[in-house]
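Read through the structure below, which is laid out as structure tokens, and then see the notes.
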Amino acid sequence: MPVDLCTNVAKDSDLSPMGIYRLLPQTNCKICGETSCMSFAFKLLKKEITLDKCTPLYEEEDYEEDRRALEEMLRPLMEAEMTETGLVIHEDLCFGCGNCVVACPVNVAEDPKGCAIGNGPTSDKVILKVENGKVKAANVESCRRFGEHRILCNACITPCPAKAIEFPGG
Ligand code: SF4
Ligand code: SF4
Ligand code: SF4
């Protein structure tokens, strides 16, 4: 998986399992190989399956409008590079304020002087770092959302005034 994680994913408030589910046929027919349309929606967000596996969307005229809406909604995500943790940075929205850099507990632990007091990271072990006015991610295996003892860390998401960071898969 590439590690240049900054992408141009468009923000869309419906880019959530429920937002996707609303546009699916909701018949739980299992043609896609999933047990339910909701399961399919979760896998779409994690990029573990593609929309075309839901063949009713393409074959039944009644679903055409919803399919087009889904294609539009999902295109930026499908074109985006995503880390193993599901982290997506919307480069078009990020303006390099550094809030996420100083908020990430891994950054602070790995580089207390650089991150905790806001001087900017000096260690190459940090996850988030601003370069050329945009935040970049690296060392994603250290992210608290990753690995056996993962937790639902939101520390980089909540302080971002631009809503430029998200984990679409939840
Ligand atoms: S093929 Fe489409 S309608 Fe059928 S279960 Fe999968 S997502 Fe739902
Ligand atoms: S989810 Fe937590 S540990 Fe992972 S990059 Fe964001 S702030 Fe850092
Ligand atoms: S907090 Fe948001 S705008 Fe600021 S550097 Fe991080 S991603 Fe960019």
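Coordinate-derived values only; no laboratory data. Quick caveat, the model's predicted, so the values are computed rather than measured. Glycine also receives a Cβ, built like all others from the backbone with ideal geometry; neighbour counts cover every protein chain displayed.
When the dipole is taken about the Cα centre of the range 30-170, and only Lys, Arg (+1) and Asp, Glu (-1) are charged at their Cβ, what size is it in debye, to the nearest 20?
Working: 17 positive and 24 negative charges, 184 e Å.
For this selection, approximately 880 debye.
With a sphere of radius 12 Å drawn around the Cβ of Ile31, what net charge do the other residues whose Cβ falls strictly inside it have (Lys, Arg +1; Asp, Glu -1)?
-2
So how far apart, in nm, are the two label points at Ala138 and Glu61 if each is 7 Å from Cα heading toward Cβ?
Label-label distance for Ala138 and Glu61, simple model: 5.6 nm.
Under Stokes-Einstein, with the Kirkwood radius over Cα pairs standing in for Rh, what whole-number D in µm²/s applies to the range 88-166 at 4 °C and 1.567 mPa s?
On the way: Rh = 12.4 Å.
Translational D for this selection: 105 µm²/s.
So for the pair Glu71, Asp124, with labels modelled 7 Å out along Cα→Cβ, what separation do we get in nm?
So the two model labels end up 4.4 nm from each other.
So if I place +1 on the C-beta of Lys and Arg and -1 on the C-beta of Asp and Glu, and nothing else carries charge, what would the dipole magnitude of the range 121-170 be about its Cα centre? I want it in debye, nearest 20. Each step should come with its number before you reach the end.
On the way: 8 positive and 5 negative charges, 21 e Å.
So the magnitude is around 100 debye.
Quick check: net charge around Asp124, other residues with Cβ under 15 Å of its Cβ, Lys/Arg +1 and Asp/Glu -1?
Numbers: positive: Lys113, Lys125, Lys129, Lys136; negative: Glu110, Asp111, Glu131, Glu141.
Value of the local net charge: 0.
Is the shape of the range 23-170 best called rounded, prolate or oblate, per the rule: a/c under 1.5 gives rounded, else a/b larger than b/c gives prolate, else oblate, with a ≥ b ≥ c the square roots of the Cα gyration tensor eigenvalues?
Numbers: a/c = 3.54, a/b = 2.30, b/c = 1.54.
Since a/c reaches 1.5 and a/b is larger than b/c, the shape of the range 23-170 is classed as prolate.
Sort Asp92, Asp52 so the one with the fewest other Cβ atoms within 10 Å of its own Cβ comes first.
Details: Asp92 16, Asp52 11.
Exposure proxy ranking, most exposed first: Asp52, Asp92.
Straight-line reach from Lys129: which lysines have a Cα under 27 Å away, not including same-chain ones fewer than 8 places off?
Candidates past the 8-residue exclusion: Lys11, Lys46, Lys47, Lys113, Lys163.
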